[in-house]
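Here's the structure, in C-alpha cells; my notes come after.
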Amino acid sequence: MSESQESGIRILLGVTGGVAAYKSPELVRRLRERGAQVQVVLTPGAARFVSPLTFQAVSGRRVRDDLWDEGAEAAMGHIELARWADLVLVAPATAHFMASLTAGLADGLLSTLCLASQAPVLLAPAMNQAMWQHPSVQANRRVLEERGVRILGPAQGDQACGEDGPGRMVEPDEIVDTVFAEPVDIGSQSLKGLRTVITAGPTREPIDPVRYITNRSSGKMGYALAAAARRAGADVVLVSGPVAVPTPRGVRRVDVETAEEMYAGVHQCIGDADIFIGCAAISDYKPDCIAEQKIKRTGSTLNLQMVRSPDTLASVAALEGRPFTVGFAAETQNLRENARHKLINKGLDMIAANRVGRDCGFDLETNSLTVLWEGGEAVLEQAPKTVVAARLIQLIAERYREMHAELSSTQAG
Ligand code: C5P
C-alpha cells in the first residue's frame, strides 16, 4: 500500500535497542496490511540491531532517529510528529526506555515525542527475564500503568540470551490484534470538542480539626475516565477529592475536599458541559457540626449527629438543559436492580454499576461494570481500569450521539 492510499490509524512506532528489534520490521508490515500509517522512530541502540534502511523499505517513510534533524524539523519536527500520532507504540521497549519514560526524560527523539504526545502509549517490553523481574523495572511498570500506559507482555519462554522466563517481546500478530482491538482509544476522537465534567475520588467530612469521615475510593476509575475522555478528544474538567493519582495530561483538575465543595466545584463548571460523569464516592452524610477543638476521650460513648450532604449527581440531572448525565452505583448486593432504581430515581441518562467489597471495586487496578440506560445495557468485563474506562467512554459517546440524532430527527419532524 502506498502512503497516499493509507488513511487508517497513524502509528508512531518507536523501536529501542533490544535484540527483539529484528521482529519490528515484520510488525510494520503487519500494521500496514491492516491499513495503518506507520512512522518509525529508532533509538541509537535500535539502529545497531536493525538498519534504518530496512525500516524505510517496509514503512515507506523516512525513518526518524535524531532529535536534532534540521531537515525534518522544518517539515515534521518532533512536536508535529507527536501531534500526528493516533497511537505511540514502542516495540521492543527496553528496561532503559521504560525508566526514561517513567522519569520523564527528554534525552532523545523517542522519549521527547512521548512527552509531547497526547496519544495513548502502548509498550511491548523485551529484556532478559531477571531484568524484567527486577524491582526497579516492576516499579516503573506500575507507575507507567497507573498513568494509563498499556503494557503488553512480555511473553514467557526461551530468550536470545539462553535463559528462560518472562522477557520475550510478544509476537507481532498479537501486538497488531491489540492495536486494532481497542479502536476507541486509538484516534476515534469520539468525544471531539465535547465539554466533559468528571468527578473522582472520595470526599472527606471533617469531625474536628484532626479527624474526618471518608471511604475507600482511590480515584483510579475517575482518573482513568478523564484520561480516556481526553484521548477521545473531549475537553475535560476533573473535579477531584483527595487522591494520590497523577492528573492525566491535558485535563484541568479542580481539587475539593467535602461533599459541599464537590457540589460547588461541579456547579461552577457545569454551565456549558455536554457530558457529566459522576464517578466520585461522595459522602451521603456529614457531621451536623464540626468541633472547633479536638474531641477529647471520655469514659462514655460518643454520638455523632450526621445530616445529609447535597447530591451532586441528582442536582446536575435536574438542571434545565442538563448535560448527558452518567452516574455510578457502587453496590454490595442486588447490583442490577439497585442500579436501575438509581437510573430512574435520579433521572440519569446512564448508570455504571460495580460490585464493591473487600476484594473488588475500590482501590484496585481492575474493575468490571454493568452499564444500564433506558432500553439497554452492556457488561464491561473485568479488565484494567484504564481499559474499562476506554470502553465506558466509547459507550457514552455512542449513546450521546444516538440521543442527539433522535432529538434532531424529532425536531426536524
Ligand atoms: O445513591 P448513591 O450514593 O449510591 O449514588 C451514587 C452516585 O451518586 C455516584 O455517581 C455518586 O458520584 C453520586 N453521588 C453524588 N452526591 C452524593 C452521593 C452520591 O453526586 N452526595
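Any idea what % of Cα-Cα pairs in the stretch 195-412 are farther than 21 Å?
Every Cα pair in the stretch 195-412 considered, those over 21 Å come to 55 percent.
What whole-number value in Å² describes the accessible area per residue of the stretch 3-186 for a 1.4 Å probe?
44 Å²
How high is the relative contact order of the chain, in percent, with contacts defined as C-alpha pairs under 8 Å that are six or more residues apart?
11 percent
Only Cα pairs within less than 10 Å get springs; with that Gaussian network setup on the chain, which residue of 160, 91, 226 has the largest fluctuation?
The residue that fluctuates most here is 160.
Assigning unit charges at the beta carbon (Lys, Arg +1; Asp, Glu -1) and nothing else, what dipole magnitude in debye, to the nearest 20, does the chain show about its Cα centre?
For the chain, the charge dipole is close to 560 debye.
Taking the stretch 264-338, which GluC sites (Glu not before Pro) meet the DSSP loop condition and have no more than 15 other C-beta atoms within 10 Å?
Working: sites: 292, 320, 331, 337; in loops: 292, 320.
Answer in residue order: 292, 320.
Take the cross-link list 286/342; 294/342; 220/342; 220/294; 294/346 and give me the ones stretching past 29 Å between alpha-carbons.
294/342; 220/294; 294/346
Could you calculate the FRET efficiency of residue 322 with residue 300 from 1/(1 + (r/R0)^6), where r is the beta carbon distance between them and R0 is 56 Å, rounded to 0.05?
It comes out at approximately 0.70.
Give me the percent of accessible area attributable to carbon and sulfur for the chain, probe 1.4 angstrom. Write out the running numbers ahead of the final one.
On the way: 9780 of 19690 Å².
That fraction is 50 percent.
Report D for the chain in µm² per second (integer): Stokes-Einstein, Kirkwood Rh on Cα pairs, 10 °C, 1.306 mPa s. Each step should come with its number before you reach the end.
Values: Rh = 23.3 Å.
Once the numbers are plugged in, D ends up at 68 µm²/s.
Excluding residue 53 itself, calculate the net charge of residues whose Cβ lies under 14 Å from the Cβ of residue 53, where each Lys or Arg counts +1 and each Asp or Glu counts -1. Don't skip to the end; give the middle numbers.
Details: positive: 48, 61, 62, 64; negative: 65.
With Lys, Arg at +1 and Asp, Glu at -1, the net is +3.
Please enumerate, by chain and number, the aspartates and glutamates with C-alpha under 12 Å from the C-alpha of residue 23, excluding those fewer than 8 residues away in the same chain.
171, 173
Distance from the Cα centre of the stretch 8-50 to that of the stretch 254-282, in angstrom?
Measuring centre to centre over Cα atoms gives 43 Å.
Which of the listed residues, 110, 160, 170, is farthest toward the dipole's positive end in the stretch 33-176, when Lys, Arg count +1 and Asp, Glu count -1 at the beta-carbon?
110
Need one number: % antiparallel among DSSP beta bridges in the chain, to the nearest 5.
Once the DSSP bridges in the chain are tallied, antiparallel ones form about 30 percent.
The values are calculated or read from the model by the stated rules, or taken from the named source; none is laboratory data. The structure presented is a predicted model; accordingly, all values stated were derived computationally and were not measured. Please note: Cβ atoms are built from the backbone with ideal geometry, for glycine as well, and neighbour counts cover all protein chains shown. Heavy atoms of the whole protein, side chains included, go into the accessibility calculation; ligands, DNA and RNA do not. Shrake-Rupley method; radii C 1.70, N 1.55, O 1.52, S 1.80 Å.
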